[in-house]
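Chemist: Could you have a look at this structure, given as structure tokens, before my questions?
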Amino acid sequence: MAAIDRTILRLAIFELLHRDDIPPKVSMNEYIEIAKKFSTEDSGAFVNGILDRIWREQAPASGSSSV
């Protein structure tokens, strides 16, 4: 995993799990775009897959609807 992808995921996961004032779709879209711009060609899809999986797994536990 590229170091920039790891950093992007850390920030995005924090926002998804701990920032209730930021809609999950907004966080996910922003970090996917950052990955596309600053990392490898496949990073956008990789970050998207990881964030989507984390959101889907944590959403039922918090009572939120899935993205």
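Chemist: Which one of the conditions (1) in a loop (DSSP other than H, G, I, E, B); (2) surrounded by 15 or more Cβ atoms within 10 Å (Cβ to Cβ); (3) not polar (S, T, N, Q) does Asp20 fail to meet, given that it meets all the rest?
Modeler: All conditions are met except number (2).
Chemist: Hey, can you tell me all the residues within the range 37-49 that are under 17 Å from Val26 (Cβ atoms) and touching a residue at least 24 places away in the same chain (Cβ under 8 Å)?
Modeler: The answer is Val47, and nothing else.
Chemist: For Ile32, state whether it is in a helix (DSSP H, G or I), in contact with a Leu (Cβ under 8 Å, 6 or more places away or on another chain) and in contact (Cβ under 8 Å) with a residue 12 or more places away in the chain.
Modeler: Yes: the conditions hold for Ile32.
Quick note: the coordinates plus some simple rules give every number you see, no bench work behind them. What you see is a predicted model, and the numbers here were worked out from it, not measured in a lab. Methodologically, a virtual Cβ is constructed for each residue, glycine included, from the backbone with ideal geometry; neighbour enumeration extends over all protein chains shown.
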